[in-house]
1. Please tell me if L189 is of a type in the set (A, V, I, L, M, F, W, C), open to solvent by less than 10 Å² (accessible area, probe 1.4 Å) and more than 21 Å from Q221 (Cβ to Cβ).
2. Considering every residue within region 310-319, establish whether at least one is closer than 30 Å to I80 by Cβ and open to solvent by 20 Å² or more (accessible area, probe 1.4 Å).
3. Check region 158-177 and report whether any residue there is part of a strand (DSSP E or B) and of a type in the set (S, T, Y).
4. Of the residues in region 364-402, how many are at pLDDT 90 or above and open to solvent by 50 Å² or more (accessible area, probe 1.4 Å)?
5. So if I check each of E296, E258, E243, E304, which one is under 19 Å from the mean Cα position of the chain (by Cα), open to solvent by less than 10 Å² (accessible area, probe 1.4 Å) and at negative phi?
6. For the list (1) modelled with pLDDT under 85; (2) open to solvent by 10 Å² or more (accessible area, probe 1.4 Å), I need the number of the one condition that M237 fails.
7. Output the residues belonging to region 261-273 that are in a loop (DSSP other than H, G, I, E, B), polar (S, T, N, Q) and surrounded by 17 or more Cβ atoms within 10 Å (Cβ to Cβ).
8. Limited to region 208-228, what total is found for residues that are closer than 11 Å to L57 by Cβ and either modelled with pLDDT under 80 or not aliphatic (A, V, I, L, M) (or both)?
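The values are calculated or read from the model by the stated rules, or taken from the named source; none is laboratory data. These figures come from a predicted structure and were not determined experimentally. Note that we place each Cβ from the backbone using ideal geometry, even for glycine, and neighbour counts take in every protein chain shown. Side chains included, ligands, DNA and RNA excluded: accessible areas come from the protein's heavy atoms. Shrake-Rupley method; radii C 1.70, N 1.55, O 1.52, S 1.80 Å.
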Amino acid sequence: MKRLKLLVPLLLVIVAVLCFAPAAWAFCGFYVAKADTKLYNKASQVVLARDGDRTVLTMANDYQGEVKDFAMVVPVPTVIKKEQVRVAEPKIIERLDAFSAPRLVEYFDSNPCAVEDFALEALPAPSAALNESGAARRRSDRSLGVTVEARFNVGEYDIVVLSAKESGGLETWLNRNGYKIPRGAKQLLKPYIRSSMKFFVAKVNLDRFEQSGYQFLRPLQIAYKSSRFMLPIRLGMINATTEQDLIVYVLSPQGQAEITNYRTVKIPSNANIPLFVKSEFGDFYKSTFQTAYTKEGKKVAFLEYAWDMGSCDPCSGDPLTPDELKQAGVFWLDKDASSPGSPSFRRFPVSNVFISRLHVRYTRDKFPEDLMFQETSNRESFQGRYVLQHPFTGEAKCQAGREYKRSLPRRFEQEAQTLARLTNWNIKDIRQKMKLTVSNLTLPWWENFFSWLGI
């Protein structure tokens, strides 16, 4: 089915790793799985690099159908000129995804009889246009109330920037000029026209695309200045038959970004779950997200990651380098941040870049408005993190060892209940999958009896 990709039906998911901090210690785990955007069938990604009233918007051009049918219509607050547009490398968005994805981490309990070494050891991570005269075309455009403010090429894209007086005329102009947009665009275009917004319209130049040697369309990146910090999503709903996922990476020199016209809540995190989830992490996170999404009435944005880009703990991927951050749209980096002679030149570059990963699953009835954002000064770190804690399976003949093994069934049951609560999976099915683990680690009846007697 041919599909117009208006600003983008967008989204995400994700996994990497965090630092586990029991009692008086702090142990950093290793990521063993991640819930990245590949988990979702209809997921789009957008990067917003924002400082003050200046924004660099990067859009991953997800589309269905043939490349020749690709078209994108993006409402923008001002006329965009050629020098404000470039194509970006897909790898940049992949790096942001990997760095900020929700994580699965894994630890091993040590021998409980070796009190001096009572700690958790980390398991090492595994090795993952219409052909008519210009004058005639301009007269036709004016009759429709449409003005072509700019026309240019960037990479494999032919781009026009339009202003319009009424939505019916704009819809007609797009259809006449070979933009394959679906029915129903007229009503969704109206609010943007009333707000005097312009329309950034792109489609693929097939000759340039073939010459480029790329198999997939590269992301488009637009720089503009506006007091409005927003992301238009309503146009993307024209194509929607089901819920759509959007992942937004907000890069800011301030701190966490929030959506102001819908609630922003943290994804459930920091939970110990059964060991078998290691082989089912993708299904686990999709179910966890769906459960939280339903519980919140299907009308909130979820924070999946918030961290200073200068570090990570633990890392599912290295923080982006200063050069990579610039490719992602960051334009405010300190001039000496990447200088070899600077004290800040090290594996983790010191940068005033804070990343917020927001996951929105939306439908037209639950998200009737475009997303409005604000930057905050909150630099609290957060990540979606889920913990596998392996029990000690060796001999433990001391009193502490016996008490440790007696505590395991209760711990396993708590993990089962936590998993059922997070995912809405059947608790009986969960217990069945954990059966061997529990039976192998439950003490014989006489050890429980003798322990009760204090022997």
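1. Details: of a type in the set (A, V, I, L, M, F, W, C): yes; open to solvent by less than 10 Å² (accessible area, probe 1.4 Å): yes; more than 21 Å from Q221 (Cβ to Cβ): yes.
In short, yes.
2. Taking region 310-319 first, the residues closer than 30 Å to I80 by Cβ are none.
Within region 310-319 (the criterion being closer than 30 Å to I80 by Cβ and open to solvent by 20 Å² or more (accessible area, probe 1.4 Å)), the answer is no, since none of the residues qualifies.
3. Taking region 158-177 as the starting set, the residues that turn out to be part of a strand (DSSP E or B) are 158-164.
When the remaining residues are screened for being of a type in the set (S, T, Y), the result is 163.
Looking for residues that are part of a strand (DSSP E or B) and of a type in the set (S, T, Y), one finds at least one in region 158-177, hence yes.
4. Residues in region 364-402 being at pLDDT 90 or above and open to solvent by 50 Å² or more (accessible area, probe 1.4 Å): 8 in total.
5. Matching residue, one of E296, E258, E243, E304: E304.
6. (2)
7. As a first pass, look at region 261-273 and keep what is in a loop (DSSP other than H, G, I, E, B): 261-262, 267-270, 273.
Now restrict to residues that are polar (S, T, N, Q): 261, 269-270.
Across region 261-273, the qualifying residue is only S269.
8. Applying the first criterion (closer than 11 Å to L57 by Cβ) to region 208-228 yields 219-224, 226.
Remaining after also requiring either modelled with pLDDT under 80 or not aliphatic (A, V, I, L, M) (or both): 219, 221, 224, 226.
Result for region 208-228: 4.
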